[in-house]
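Nothing in this text is a laboratory measurement; each read-out follows from the coordinates by a stated rule. As the structure is a computational prediction, the values presented were derived from the model and not from experiment. Counting neighbours? That spans all protein chains shown, and the Cβs are built from the backbone with ideal geometry, glycine included.
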Amino acid sequence: MAGDRARAKDGAMIARTLLIPIGSLGLLAASCSAPPQPGEAEPPAAAEGSSPLQVPQSLAREHQEIHETLARATREPGELGKTAMVLEQALAPHFKREEEIAAPPLGLLPALARGPATAEMRAVLPMTQALERELPHMLEEHGAVRDALTRFRAEAVKANKPDYVRFCDALAAHALQEEEILYPAAIAVGRYVDSAAPKP
Ligand SMILES: [Fe+2]
Ligand SMILES: [Fe+2]
């Protein structure tokens with residue numbers, strides 16, 4: 001599909017952008033990056049003395065914990081495991097795209113709160129522009145995630161698995177927080193940097 005190809009092309013471009021060193025920002029340590037997904041190549045290390053634009057540690061951890069709980073749930077027997085698998089399939093590509101275009105711009109927030117926007121911060125613009133374009137699709141994906149979540153939660157209730165019920169409620173809150181705060185904040189970062197950062 002042309003849209004998918006465009007997204008993939010944007011993703012490749014943005015993945016390269018992620019590796020642009022913006023060391024002068026003093027952003028996040030290398031340990032903050034999201035771990036590569038199975039089958040993905042490890043990204044090249046950043047040049048010494050520089051930090052790439054990265055997913056904030058708190059968000060990377062939250063996604064990782066969700067993946068781990070869901071991976072465990074997919075191994076459950078019967079409908080519980082099957083509905084967990086459907087949820088995982090809805091979630092995995094969505095999280096990957098978030099980690100490419102929606103989460104890294106938020107890594108600029110501490111630096112923007114401390115000081116002025118810099119020319120180097122313009123490296124964020126391909127991500128935030130892609131996020132603005134893809135926002136309707138990402139919100140549609142949240143709809144698919146919520147549908148899958150509802151079915152998995154019902155199976156968790158039936159199987160008397162309160163841990164998974166709590167997980168579902170936390171995942172629903174995660175999606176709502178993105179819609180209310182994180183996606184708009186990432187877009188606002190891009191618009192601010194575009195208007196305030198010096199052009200190189
Ligand atoms: Fe997310
Ligand atoms: Fe999301």
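Under 20 Å from the Cα of residue 199, which aspartates and glutamates turn up, not counting those fewer than eight places away in the same chain?
By straight Cα distance, residue 199 reaches 120.
Between residue 119 and residue 196, what is 0.36 nm times their sequence separation minus the Cα-Cα distance? Round to one decimal in nm.
Answer, rounded to one decimal: 26.8 nm.
Would you mind calculating the gained length between residue 188 and residue 158 on full extension (0.36 nm times residue separation, minus the Cα-Cα distance), in nm to one decimal?
Here the answer is 6.6 nm.
Tell me, what does the Kirkwood hydrodynamic radius of the range 93-200 come to in angstroms if you use every pair of distinct C-alpha atoms?
When all Cα pairs of the range 93-200 are included, the Kirkwood radius is 15.3 Å.
Can you give the net charge of the other residues whose Cβ lies under 12 Å from the Cβ of residue 77, counting K and R as +1 and D and E as -1?
0
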